[in-house]
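Some notes on the structure that comes next.
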2 protein chains.
Amino acid sequence: MGRQVIIQELPKGELTAEHFSLQDAPTPAPGEGEVLVRTCLISIDAANRAWMQGATYREAVKAGDVMHGYIVGEVIRSGDPAFKAGDLVEGEGRWAEEVICSARGLQKLPAHRPISHQVSVLGIAGKTAYHGLVGVGLPKPGETVVVSAAAGSVGIFVGQIAKALGCRAVGIAGGAEKCAWLTEELGFDAAIDYRGGNLFRELKAACPDGVDIYFDNVGGEILETVLFQMNMKGRVVCCGAVSQYNATAPTGPRNLPGLVVVKRLRMEGFIVMDFEDQDAKAVADLSGWVKDGQVKVVEDIVEGLENAPAALVGLLAGANRGKRMVRVAPDPA
Amino acid sequence: MGRQVIIQELPKGELTAEHFSLQDAPTPAPGEGEVLVRTCLISIDAANRAWMQGATYREAVKAGDVMHGYIVGEVIRSGDPAFKAGDLVEGEGRWAEEVICSARGLQKLPAHRPISHQVSVLGIAGKTAYHGLVGVGLPKPGETVVVSAAAGSVGIFVGQIAKALGCRAVGIAGGAEKCAWLTEELGFDAAIDYRGGNLFRELKAACPDGVDIYFDNVGGEILETVLFQMNMKGRVVCCGAVSQYNATAPTGPRNLPGLVVVKRLRMEGFIVMDFEDQDAKAVADLSGWVKDGQVKVVEDIVEGLENAPAALVGLLAGANRGKRMVRVAPDPA
């Protein structure tokens with residue numbers, strides 16, 4: 001038997017913890033090509049919410065499903081020759097203590113500890129920041145990089161990677177406290193509280209040479225405001241639209257596509273899997289920067305499977321600082 | 001003395017012919033680095049209207065200016081060693097019978113007749129279609145290309161070039177008559193009347209394999225509708241936003257940037273000058289296609305400088321079929 005989190009009902013507007021419920025269920029034996037994994041960590045991502053809106057880059061999740069999510073855990077029993085009991089793995093899983101995974105959706109992890117790094121800097125968050133900024137944004141030293149949701153799981157790495165690459169890093173985040181933390185603790189050149197009501201003016205002051213790359217995690221009005229300050233041939237790395245996921249009546253930036261034409265911008269969407277062939281380089285670069293202190297790893301770990309729904313709801317409201325994950329069980333020995 | 005068209009007042013909303021006036025003015029002698037050109041043809045472009053909204057890729061035009069425009073004409077007197085009387089030239093000019101041009105903004109034209117081809121298929125319209133589709137869209141044979149304002153100056157070439165490159169070409173235009181003309185005369189595989197009220201459904205029927213490249217001349221709701229049917233890794237060539245130029249309260253596509261992320265789209269703006277290094281290839285390819293009948297040249301020539309304002313107003317309302325230009329004087333002998 002193991003505990004699991006069920007989607008009780010799909011949200012129509014704002015997601016709440018009441019859209020989920022906890023249940024006990026028997027754990028089946030893995031079939032051929034399947035692996036039984038004991039979950040250690042569940043990655044909590046804004047994308048989890050997007051999956052509830054309908055088909056995205058993957059099929060939608062449905063009411064009655066055990067909630068889908070990205071997990072790191074230990075193999076208990078394997079029905080696939082590629083994995084054996086005791087292997088540390090990551091991949092597509094569920095919000096559950098024990099998960100039957102398709103072997104094709106799993107990857108073995110190195111012995112690196114703490115394993116939480118596999119969810120943060122060396123996992124989806126760090127790789128998303130790296131591939132989006134490096135592979136899509138194509139930054140040149142001296143350019144100005146702006147990132148929204150800058151104190152979030154991906155944002156903290158975007159800014160720090162930008163600095164490591166010789167760019168000016170400017171973050172947009174919610175609240176003066178987060179902003180101070182970005183500049184004082186994480187080395188951002190400037191940070192702007194979008195709730196301050198003066199984003200346009202503060203952005204202008206923080207980016208005297210305009211914006212060359214905007215790493216967009218939010219869409220909506222913030223995207224609209226940054227677009228006005230993009231430089232010619234600027235690049236908008238489209239990573240997320242978190243401002244829109246809970247919206248019942250989404251709004252589009254009113255200066256699109258006008259400014260894309262006028263400024264010859266490139267707006268490009270990506271997901272981390274598009275750059276799998278660059279993963280080894282990403283991990284090597286990120287590990288190096290962590291080692292020499294250029295990239296600080298900030299993790300926001302919520303304890304207990306039962307708190308996963310609240311952890312996601314909080315993430316969508318911007319409650320996290322750094323990569324949010326849920327600890328379901330301690331690191332394996 | 002020569003006639004010229006003045007911007008009487010900048011439009012706040014819809015542009016009308018009354019925003020312009022006609023006057024006679026003495027023609028000065030060209031200074032050093034300047035050339036006096038007798039205008040034969042003026043290109044009428046949606047971009048002319050955008051220049052009145054503010055600075056774009058060039059400075060804004062102002063009330064009191066002789067209206068700016070792209071012209072083809074004959075050199076009468078030259079103050080620059082690169083040009084001599086009798087040369088046929090194209091470049092930045094004015095809506096006037098005689099124009100003092102900066103020599104740096106002019107290019108000599110080959111002896112090709114009719115010279116109207118230098119404004120249509122071998123000029124900005126044809127090159128814009130070519131560079132946008134080929135250089136930004138990167139089409140592969142078998143892909144589906146959708147173009148809006150398909151019966152317009154650029155659109156007619158986008159569809160025909162798409163066909164020449166082995167793609168499926170689908171046009172969006174205003175009115176059943178234009179649509180029939182696109183399929184029957186210009187070889188589009190399908191054409192959809194956006195005024196029919198069923199764009200989404202008709203687009204779906206016309207693009208059974210989805211849309212790989214959308215060449216967007218209009219922005220707004222049509223862009224929003226096409227985005228829903230883009231394929232993964234699709235490309236949106238952002239060429240114009242004519243639906244927004246006359247709008248006092250522009251609207252943004254509500255599915256931006258969401259769908260750019262989900263479908264990993266690339267939206268990229270360009271202007272024809274960005275691809276100057278590819279102009280020779282564009283002209284060679286286009287000339288070849290015209291010669292072998294794969295690309296038909298359709299021109300919409302309005303006679304008389306005094307009709308230039310109405311020609312632009314009509315263009316913005318979609319009255320043209322093919323490249324619109326104003327003939328100020330007959331082709332030189």
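The values are calculated or read from the model by the stated rules, or taken from the named source; none is laboratory data. Computed from a predicted model, the values in this text were never measured in an experiment. Quick reminder, even Gly has a Cβ in these numbers, built from the backbone with ideal geometry, and neighbours come from all protein chains shown. These area figures cover heavy atoms from the full protein model, side chains too; ligands, DNA and RNA do not enter into them. Shrake-Rupley method; radii C 1.70, N 1.55, O 1.52, S 1.80 Å.
Only Lys, Arg, Asp and Glu count, each charged at its Cβ (+1, +1, -1, -1), so figure out the dipole size of the protein assembly as shown about its Cα centre, rounded to 20 debye.
260 debye
Just to be sure I understand: with springs between alpha-carbon atoms less than 10 Å apart, which residue in A:Pro11, A:Pro139, A:Pro110 has the highest mean-square fluctuation in the Gaussian network model of chain A?
Largest GNM mean-square fluctuation: A:Pro110.
Not counting the cut sites, what is the longest span of chain A without trypsin sites (Lys or Arg not before Pro) that DSSP labels loop and that have at most 12 other Cβ atoms within 10 Å?
Longest gap between qualifying sites, sites excluded: A:85-333.
Looking only at Cα atoms, what is the convex hull volume of the range B:13-133 per residue, in Å³?
Here the figure is 127 Å³ per residue.
Calculate, for A:Ala17 and B:Ala249, the FRET efficiency according to 1/(1 + (r/R0)^6) with r their C-beta to C-beta distance and R0 51 Å; round to the nearest 0.05.
0.85
With every protein chain left in place, what is the accessible area of B:Thr225 in Å² (1.4 Å probe, nearest 10)?
30 Å²
Select the chain A residue whose beta carbon lies nearest to the rotation axis carrying chain A onto chain B, and write the distance in whole Å.
Looking at chain A's Cβ atoms against the axis toward B, the nearest is A:Gly252, 1.
Among B:Val154, B:Leu265, B:Ile301, which residue has its Cα furthest toward the positive end of the charge dipole of chain B, with +1 on Lys/Arg Cβ and -1 on Asp/Glu Cβ?
Value computed over the given set: B:Leu265.
Interface B/A, total buried accessible area with a 1.4 Å probe, nearest 100 Å²?
2300 Å²
Taking the Cα centroid of the range B:1-54 and of the range B:106-183, what is the distance between the two, rounded to the nearest whole Å?
Centre-to-centre distance over Cα atoms comes out at 27 Å.
Give the dimensionless ratio obtained when the Cα radius of gyration of the range B:263-326 is divided by 2.2 N^0.38 Å.
That works out to 1.52 for the range B:263-326.
Does the range A:123-184 classify as rounded, prolate or oblate by the C-alpha gyration tensor (a ≥ b ≥ c root eigenvalues; a/c under 1.5 gives rounded; else a/b over b/c gives prolate, otherwise oblate)?
oblate
Which longest run of chain B has no exposed loop site in it, a site being GluC sites (Glu not before Pro) in a DSSP loop with at most 14 other beta carbons within 10 Å, and the site itself not part of the run?
B:186-333
May I ask you to list, by number, the DSSP H helices of chain A whose Cα span along the axis is at least 15 Å and whose average Kyte-Doolittle hydropathy reaches -1.0 or more?
A:279-291
State, as an integer percentage, the relative contact order of the range B:53-121 based on alpha-carbon contacts under 8 Å between residues 6 or more apart.
Here the relative contact order equals 26 percent.
Along Cα→Cβ at 7 Å, what distances in nm separate the A:Thr16 label point from those on the other copies, shortest first?
5.4
Mind checking which lysines have their Cα closer than 20 Å to the Cα of B:Lys12? Skip sequence neighbours fewer than 8 apart in that chain.
Within reach: B:Lys62.
In terms of modelled amide H atoms, which long-range or inter-chain residues lie less than 5 Å from the amide H of A:Arg168?
Hits under the 5 Å cutoff: A:Gly142, A:Glu143, A:Thr144, A:Val145.
What's the local net charge at A:Arg195, with K and R +1, D and E -1, over the other residues with C-beta under 15 Å away?
Local charge sum for A:Arg195: -2.
Relative contact order for the range A:117-167: what percent, with Cα pairs under 8 Å and sequence separation of 6 or more?
Computed value for the range A:117-167: 41 percent relative contact order.
How big is Rg to Rh over the range B:227-333, alpha-carbon atoms, Rh as the Kirkwood inverse-mean-distance radius?
Ratio of gyration radius to Kirkwood radius for the range B:227-333: 1.05.
Of A:Lys127/A:Lys163; A:Lys127/A:Lys281; A:Lys281/B:Lys140; B:Lys296/B:Lys323; A:Lys127/B:Lys263, which ones are farther than 21 Å apart at the Cα?
A:Lys281/B:Lys140
Given the range A:90-208 reduced to its alpha-carbon atoms as identical point scatterers, what log10 I(q)/I(0) does the Debye formula return at q = 0.15, 0.17 Å⁻¹?
With one equal scatterer per Cα and no solvent, log10 I(q)/I(0) is -0.73, -0.86.
Can you tell me the relative contact order of chain A? Whole percent, Cα pairs under 8 Å, sequence separation 6 or more.
Across chain A, relative contact order equals 19 percent.
Of the DSSP beta bridges with both residues in chain A, give the percent that are antiparallel, rounding to the nearest 5.
So the antiparallel bridges amount to about 55 percent of the total.
Around A:Ala150, what is the net charge, scoring Lys/Arg as +1 and Asp/Glu as -1 over all other residues with Cβ under 11 Å from its Cβ?
+1
Give the aspartates and glutamates whose C-alpha is closer than 17 Å to that of A:Lys84, dropping any in the same chain fewer than 8 places away, or say none.
A:Glu32, A:Glu34, A:Glu74, A:Glu98
Starting from the alpha-carbon convex hull of the protein assembly as shown, give the projected area averaged over all orientations, in nm².
Here the figure is 32.0 nm², rounded to one decimal.
Measuring from a point 7 Å out along Cα→Cβ, what nm distances, shortest first, does A:Gly33 have to its partners in the other copies?
So the label point of A:Gly33 gives 7.1 nm to the other copies.
In terms of solvent-accessible area of protein heavy atoms at a 1.4 angstrom probe, what is the ranking of B:Tyr70, A:Tyr130, highest value first?
Putting B:Tyr70, A:Tyr130 in descending order of accessible area: B:Tyr70, A:Tyr130.
Taking the Kirkwood radius as the inverse of the mean 1/r across Cα pairs, report the Rg/Rh of the range B:8-59.
With Rg and the Kirkwood Rh in hand, the quotient comes to 1.03.
Could you list which residues have their amide H under 5 Å from that of B:Ala60, counting only those 5 or more apart in sequence or on another chain, with H placed in the peptide plane?
Amide H neighbours of B:Ala60, under 5 Å, 5+ apart: B:Ala55.
Assume the label is 7 Å from Cα along Cα to beta carbon: what separations in nm does A:Gly196 have to the matching positions in the other copies?
Copy-to-copy label distances at A:Gly196, shortest first: 5.2 nm.
Please list, in order along the range B:127-132, the HN-Hα scalar couplings obtained from phi with the Karplus expression 6.51 cos²θ - 1.76 cosθ + 1.60 (θ = phi - 60°), rounded to whole Hz, x for Gly and Pro.
5, 4, 4, 5, 5, x
Report the far tail of the P(r) of chain A, meaning the percent of Cα-Cα pairs longer than 33 Å.
Percentage above 33 Å: 26.
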